[in-house]
Amino acid sequence: MSPRSPATAGGSATTISSTTADDTTQPQIPLIDFHQPPYILRQQLFAACSSWGFFQLINHDIPSPLLSQFREAMSQFFSLPYETKLKLKRNANNARGYFDDELTKRRRDWKECLDVGVPGSREWSARDDADCNSCLDGKNRFPAEDECPKFRDVVVRYFEECARLSNELAVLMAGALGVEDGMQQEMGLVTRMVNDHTSYLRMNHYPPCNIRKDGETEEEDGEGETNTTEKNPQEPPPLGISPHRDAGFLTVLLQDDDCHSLQVARFEDEDHRDGNADCWVTVHPVPGAVTINTGDMAMIWSNGRFRAPLHRVLTDPTKERYSAPFFYNPGYNELISPLPCCCRDLTATMTVATSTAGYDSNSTGMDDLEPTKYQPCLWGYFRAVRFAGDLTDLGVEIQTSHYKVDAKSFGEKGDQDDKKIGKEKTSSSSKPMSHVEKQMIFLKSVDFGEAFDVDKYRDILQL
């Protein structure tokens, strides 16, 4: 089957061997055609999200001319003089803007980026620096029109297309878990995200990274000059982005067709993320497709039925690479909890959408439920801690594992019954307070209409 052929009508997502791009036999993530009946899409989405956590999507209805314009706009922006880009640099009081010093897993990434998010007013027509556009992530910072003509217009149009696609995918993902349109409580998160999502679009530029035999690293700066940096020969080669999971609900990724640097882990244990290279699968982009992956919030929401996979980006010694992940995120004040229909202890029986001919509940594994695995997670807090970790090394990590229903999720082992969400720690123990507890302290003090300030909330984050 050709890489661009639609998935078969039988309900199984097309899987493409990487022999279409490189002479290898490594398996590839599923390819899904968005122009299929909803019941087939639900089956394919469940299979992809519960196994790989990644898939490529064709016929997504983002206009091809807009994709080309957006790619050109990215190239145009990153070609600006470095001093011009630095005027837009993000800081501890504003998560949006330009940066080239991000930390992932407390390790600096080999890239430069520009982050743009939904305005606080949710109106793109308002001035970016207007007070009404302030939110937890800050305010957008675009280059001046004379510096980068039509850049803002193209980015905004692409942003809204990604939001539209994400809304549609979220509804289908809910259906894949057995949630029907009439189940208002279960559809609550998906319904609210349509109007309350706090998504942002990241534009990435990965310069070539050449590790010389003398242990030094060569890269081009923003002016096209080559800089040489000393490197500890015992350190591993730099990565475009270190292994990580996306924090939000889902990600829509646009990447270059001819530079294959994104890799997905086929394992769950982060302790082995730099181990055997055979455990990492390179994603080979299908022309015209976007790459979708599920994030931490979708994993909690699905009670672990959907996988939020580790992934990383390699550097390339000769090629530069552009990519643009759109992070579809819940509202800041949203407490993400596992769906009752995904938890054995919350529902004895499941109502599965059976009214649509051809929808087979057994294909989604509906009979294989587990007890509730996660405690509620406040998205605004989770996002704030992740941003603080990206910006500076606070020594504070946050992962979905911190929200698991077990003793490790709490301040002290064995006292789960006394630890209610929102109850501050009164023990004299020197052990750090859990994120489940800290998030409720954070909620009482934060104003989501104001930009997050790392220094202002440092004491809470480091409790």
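Quick notes on this one:
- When residues of the range 398-407 are limited to those that are part of a loop (DSSP other than H, G, I, E, B) and modelled with pLDDT of 80 or more, the one least open to solvent (accessible area, probe 1.4 Å): Ile398
- Residue match in the range 104-122 (condition: loosely packed, with under 15 Cβ neighbours inside 10 Å and not basic (Lys, Arg)): no
- Residues (of a type outside the set (Gly, Ala, Ser) and open to solvent by less than 60 Å² (accessible area, probe 1.4 Å)) located in the range 129-146: Asn133, Cys135, Leu136, Asp137, Lys139, Asn140, Phe142, Pro143
- Restricting attention to the range 81-91, the residues being modelled with pLDDT under 95 and open to solvent by less than 30 Å² (accessible area, probe 1.4 Å) number 1.
- Failed criterion for Ala451 (all others in (1) modelled with pLDDT under 90; (2) farther than 22 Å from Ser337 by Cβ hold): (1)
- Qualifying residue in the range 205-224 (condition: modelled with pLDDT of 75 or more, open to solvent by 60 Å² or more (accessible area, probe 1.4 Å) and of a type in the set (A, V, I, L, M)): no
- Counting the residues of the range 39-58 that are of a type in the set (Val, Ile, Thr) and either in contact with an Asp or Glu (Cβ under 7 Å, 6 or more places away or on another chain) or surrounded by 24 or more Cβ atoms within 10 Å (Cβ to Cβ) (or both) gives 1.
- Ser75 at pLDDT 95 or above, open to solvent by less than 40 Å² (accessible area, probe 1.4 Å), within 19 Å of Phe448 (Cα to Cα) and not basic (Lys, Arg): no
The values are calculated or read from the model by the stated rules, or taken from the named source; none is laboratory data. A quick note: this is a predicted structure, and the numbers were derived from the prediction, not measured. All Cβ positions, even for glycine, are placed from backbone atoms using ideal geometry, and neighbour counts span all protein chains on display. These accessible areas exclude ligands, DNA and RNA; they are computed on the full protein's heavy atoms, side chains included. Shrake-Rupley method; radii C 1.70, N 1.55, O 1.52, S 1.80 Å.
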